[in-house]
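Here's the structure we're looking at; comments come further down.
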Amino acid sequence: MDTVQKRKVYFLGANRLGDFLCTTAVIRGFRIQNPDVHISYIVHDAPYTRILEGNPDIDQVVYNNDLKVDESAPRHLIKKLEADGEVYYFDIFRVCTSSYNVFRDHIARGFANDLHIRLDSVKPVVTLSATDYAAAGSLTKKPYIVLAIHTGSTVIANDLRLVLKDWIVEHWLRLAQMIPGLGDFEIVAIGSLSDSPIQTRFFRNLYGLPIKVIAALCQKAACVISVENGISHLCHAVDAPMILLYSRHVSFPWAYPREAGQCRVIYKDPVFITPAEVYSSLKEILRSNTVLI
């Protein structure tokens, strides 16, 4: 008896960590509407794309060096795939330039609208294993707070100025000095191998960890304090307790973690966010999670 071959669907993605994580919500929406298709996700061969391991919505992950971050997918690859199945390409440049109103909604919805896929949730999909949790647990010996300092990108303000999403280093250092007033917490800073660690006695640098270990580390933290970056999307995925320093130069709905139940957002020009304001929000989160008595 012949078996019916599943319809083949190929997704292509070559975006940075935050954008990339948001594509998983779109694939989840597509899977819900198409439970019987075979989904392959072809992605840039980078450490952060390993976050797809164990994703229940994807049948096959293919790492392809032809895909480059923030560049168009090669036409020859798309043409080859189109001969075998349906192809959906996550093109962040096309999404960002599609219309004036595109930034009035979440980036995941921007991808979904571009590909004509219905989306019920913008929360990224990440699956962690016992091995991931064990690896993260071995890094600290007491309750800890995570600092995600680096944005990895710049943005264009409404007046066409190039602006940063970063919070200045001196504020991070001052906040780290203040945190011991809330209890005996270890403070760790995370980033990629391409980020430059801040050398200080106030916190420990844990740069270059595997992406799924970072996810587990954030999920089990007393709190993560992050600028708007890929780590903030990762915290959204695992519902980690988080304070998000969200630059007002970025359209508020575009990356707002609206389904993160343990997130407090400070939406201002980073220049005007003070360590005292972040400290106050941190105190509230620790108290609400009974970490602070």
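The values are calculated or read from the model by the stated rules, or taken from the named source; none is laboratory data. Keep in mind the model is a prediction, meaning the values are calculated, not measured. Ideal geometry is used to build each Cβ from the backbone, glycine not excepted, and the neighbour counts take in all protein chains shown.
Checking Ala221, Ala189 one by one, the residue that is assigned to a loop (DSSP other than H, G, I, E, B), crowded, with 21+ Cβ neighbours inside 10 Å and in contact (Cβ under 8 Å) with a residue 12 or more places away in the chain is Ala221 and no other. Just one residue in the set Ala83, Ala108, Ala25, Ala14 is modelled with pLDDT under 90 and of a type in the set (Gly, Ala, Ser); that residue is Ala14.
Which residue out of Glu86, Glu82 is acidic (Asp, Glu), touching a strand residue (DSSP E or B) at 6+ places or on another chain (Cβ under 8 Å) and closer than 16 Å to Tyr41 by Cα? Spell out how you get there, then give the answer.
Values: Glu82 fails: touching a strand residue (DSSP E or B) at 6+ places or on another chain (Cβ under 8 Å).
Glu86 is the lone residue from the list that is acidic (Asp, Glu), touching a strand residue (DSSP E or B) at 6+ places or on another chain (Cβ under 8 Å) and closer than 16 Å to Tyr41 by Cα.
Within segment 203-225, the set of residues being out of contact with any Pro (no Cβ under 9 Å at 6 or more places or on another chain) and aromatic (Phe, Trp, Tyr) comprises Phe203 only.
Could you please find all residues in segment 164-178 being at pLDDT 95 or above and under 16 Å from Val146 (Cα atoms)? Even if it seems obvious, please write down each step before you answer.
Just the residues of segment 164-178 that are at pLDDT 95 or above, to begin with: 170-178.
Hits for segment 164-178 are His171, Trp172, Leu173, Arg174, Leu175, Ala176, Gln177, Met178.
For Leu193, the requirement of being closer than 23 Å to Ala134 by Cα, hydrophobic (A, V, I, L, M, F, W, C), at pLDDT below 95 and over 16 Å from the mean Cα position of the chain (by Cα) is met.
The residue that is nearest to Pro74 (Cα to Cα), counting only those in segment 6-43 that are surrounded by 16 or more Cβ atoms within 10 Å (Cβ to Cβ) and of a type in the set (D, E, K, R), is Arg16.
Checked against the criterion of being among the charged types (D, E, K, R), in the same structural domain as Glu82 (by TED's automatic domain parsing), under 23 Å from Arg75 (Cβ atoms) and within 16 Å of the chain's Cα centre (by Cα), segment 44-53 contains not a single residue that satisfies it. Within segment 220-243, is there a residue that is modelled with pLDDT under 95, within 28 Å of Val102 (Cβ to Cβ) and polar (S, T, N, Q)? Yes. Residues in segment 103-142 that are among the hydrophobic types (A, V, I, L, M, F, W, C), more than 19 Å from the chain's Cα centre (by Cα) and closer than 18 Å to Val26 by Cα: Leu115, Ile117. For segment 56-79, filtered to residues that are out of contact with any strand residue (DSSP E or B) (no Cβ under 7 Å at 6 or more places or on another chain) and either touching a residue at least 24 places away in the same chain (Cβ under 8 Å) or closer than 25 Å to Trp254 by Cα (or both), the residue that is surrounded by the fewest Cβ atoms within 10 Å (Cβ to Cβ) is Pro56.
Select from segment 99-111 the residues that are in a helix (DSSP H, G or I) and either free of Cβ contacts under 8 Å to residues at least 40 places away in the same chain or buried (at least 22 other Cβ atoms within 10 Å of the Cβ) (or both) and list them in ascending order.
Kept after step one, since they are in a helix (DSSP H, G or I), are these residues of segment 99-111: 100-104, 107-111.
Passing the criteria: Tyr100, Asn101, Val102, Ile107, Ala108, Arg109, Gly110, Phe111.
Among the conditions (1) in contact (Cβ under 8 Å) with a residue 60 or more places away in the chain; (2) crowded, with 18+ Cβ neighbours inside 10 Å; (3) assigned to a helix (DSSP H, G or I), the only one that Val122 does not satisfy is (3). Of the residues screened, Arg204 is one that is in the same structural domain as Ile273 (by TED's automatic domain parsing), touching an Asp or Glu at 6+ places or on another chain (Cβ under 8 Å) and among the charged types (D, E, K, R).
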